[in-house]
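The values are calculated or read from the model by the stated rules, or taken from the named source; none is laboratory data. None of these values were measured; they are calculated from a predicted model. With ideal geometry, Cβ positions are generated from the backbone for all residues, glycine too; neighbour counts draw on all protein chains shown. When the accessible area is computed, the model is the full protein with side chains, heavy atoms only, and any ligands, DNA or RNA have been set aside. Shrake-Rupley method; radii C 1.70, N 1.55, O 1.52, S 1.80 Å.
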Amino acid sequence: MIEIHTHILPGIDDGAADWDMALQLAQSAAAQGITDIIATPHHRNSSHYNPAQSVVTLTEQLNERLAAAGIAVTVHPGQEVHLHRELLDHWQKGELLTLANGPYMLLEMPHSRVPEYMESIVYELGIAGIRAVIPHPERNAEVARHPDKLEQLVELGALAQVTSASLLGGYGKGIERLSWSLCKKGFIHLISSDAHHPVRRGIQLAEAYEQAERQLGAEWSGYYRDNAAAVLAGKPIDAEFRPALQKASGWQRIRGLFTS
Ligand SMILES: [Fe+2]
């Protein structure tokens, strides 16, 4: 399994505080069968500034420590780039990273809204050969009210990544319901833990894929897994793929009466 969005690099954002915590996160990933992790520290949000070269250097150091500790996980560089108007300029100047040096960039919006210039940035990135991956749209207040806002971004070429804990109820019933609903509409292409801390916001990827298989069917969970591998390998992702939703079991239908 491949984990595409984590705050595993120590001491540079609100994720792992130190090397011990980074190694614990990697250890828990390895225990779930994860072989590769993309490190995506916050960049250019209100509190954190982590330009490309500093992320690459710290990623190399973490890989050395993982090898020394015998933890069979490889970490790749990336960033969670906060949306900002000069983004294309900063990309051209070499300040930004894509995910594992491929054609996908993790592009975070504010939680409260979808800024009006998001569409033009997604479009311009596309012209530059980069596909935006929108993390946790299920936690964006405007997407929650108007899921068609996310659909418009997907139609422009963006992909969307739901957070494991959202699917598993960690952010409450409302976000859980919205997350599954976005999945069923075909607006979600990737699942990731967005892990920050080994205990409080840990890696829950295997559990989320299992739940996706139960709720949506094996084809969907396979689609999400394959897409994470495609991100790492820099291969294309088919955002139009819509496997048939599996028929709900009797129990799931009854549960659905109370949860939807
Ligand atoms: Fe994140």
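Could you count how many residues in the stretch 157-197 are aliphatic (A, V, I, L, M), part of a loop (DSSP other than H, G, I, E, B) and crowded, with 16+ Cβ neighbours inside 10 Å? Walk me through it before giving the result.
Of the residues in the stretch 157-197, the ones aliphatic (A, V, I, L, M) are 158-160, 162, 165, 167-168, 175, 178, 182, 188, 190-191, 195.
Those left that are additionally part of a loop (DSSP other than H, G, I, E, B): 158, 168, 188.
Imposing the further condition that a residue be crowded, with 16+ Cβ neighbours inside 10 Å reduces the set to 158, 188.
Final tally of qualifying residues: 2.
Which residue, of 40, 74, 59, is open to solvent by less than 50 Å² (accessible area, probe 1.4 Å) and in contact with an Asp or Glu (Cβ under 9 Å, 6 or more places away or on another chain)?
Working: 74 fails: open to solvent by less than 50 Å² (accessible area, probe 1.4 Å); 59 fails: in contact with an Asp or Glu (Cβ under 9 Å, 6 or more places away or on another chain).
When all the criteria are applied, what remains is 40.
Looking at the stretch 198-213 only, could you name the residues that are farther than 19 Å from residue 78 by Cα, assigned to a helix (DSSP H, G or I) and in contact (Cβ under 8 Å) with a residue 24 or more places away in the chain?
206, 207, 208, 209, 211, 212
Filter the stretch 164-186 for residues that are over 25 Å from residue 244 (Cβ atoms) and not small (Gly, Ala, Ser) and give the result.
171, 173, 175
All but one of (1) within 15 Å of the ligand (Cβ to nearest atom); (2) touching a helix residue (DSSP H, G or I) at 6+ places or on another chain (Cβ under 9 Å) hold for residue 91; state the number of the condition that does not hold.
So residue 91 meets the others, but not (1).
If I ask for residues that are of a type in the set (Ser, Thr, Tyr), within 16 Å of the ligand (Cβ to nearest atom) and modelled with pLDDT of 95 or more, which ones from the stretch 37-58 would you list? Before you say what the answer is, go through the steps one by one.
We begin by selecting, within the stretch 37-58, every residue of a type in the set (Ser, Thr, Tyr); these are 40, 46-47, 49, 54, 57.
The next check asks that each one be within 16 Å of the ligand (Cβ to nearest atom); those that pass are 40, 46-47, 49.
Within the stretch 37-58, 40, 49 meet the criteria.
Look at the stretch 100-122 and say how many of its residues are more than 17 Å from the chain's Cα centre (by Cα), crowded, with 21+ Cβ neighbours inside 10 Å and among the small types (Gly, Ala, Ser).
Number satisfying all stated conditions: 0.
Given the options 97, 83, 125, name the one that is touching a residue at least 40 places away in the same chain (Cβ under 8 Å) and open to solvent by less than 50 Å² (accessible area, probe 1.4 Å). If you could, list the steps in order and put the result at the bottom.
On the way: 83 fails: touching a residue at least 40 places away in the same chain (Cβ under 8 Å); 125 fails: touching a residue at least 40 places away in the same chain (Cβ under 8 Å).
Only one candidate qualifies: 97.
How many of the residues making up the stretch 5-17 are within 13 Å of the ligand (Cβ to nearest atom) and more than 11 Å from residue 203 (Cα to Cα)? Walk me through how you get there before you give the answer.
Looking only at the stretch 5-17, we keep the residues that are within 13 Å of the ligand (Cβ to nearest atom), and these are 5-9, 12-16.
This time we only want the ones that are more than 11 Å from residue 203 (Cα to Cα), so: 9, 12-16.
Of the residues in that region, 6 qualify.
Could you tell me which residue of the stretch 214-260 is modelled with the highest pLDDT, considering only residues that are among the aliphatic types (A, V, I, L, M) and not in a helix (DSSP H, G or I)?
237
Does at least one position in the stretch 130-140 carry a residue that is over 19 Å from the mean Cα position of the chain (by Cα) and more than 26 Å from residue 26 (Cβ to Cβ)? Steps first, please.
Going through the stretch 130-140, the residues over 19 Å from the mean Cα position of the chain (by Cα) turn out to be none.
Checked the stretch 130-140: no residue is over 19 Å from the mean Cα position of the chain (by Cα) and more than 26 Å from residue 26 (Cβ to Cβ).
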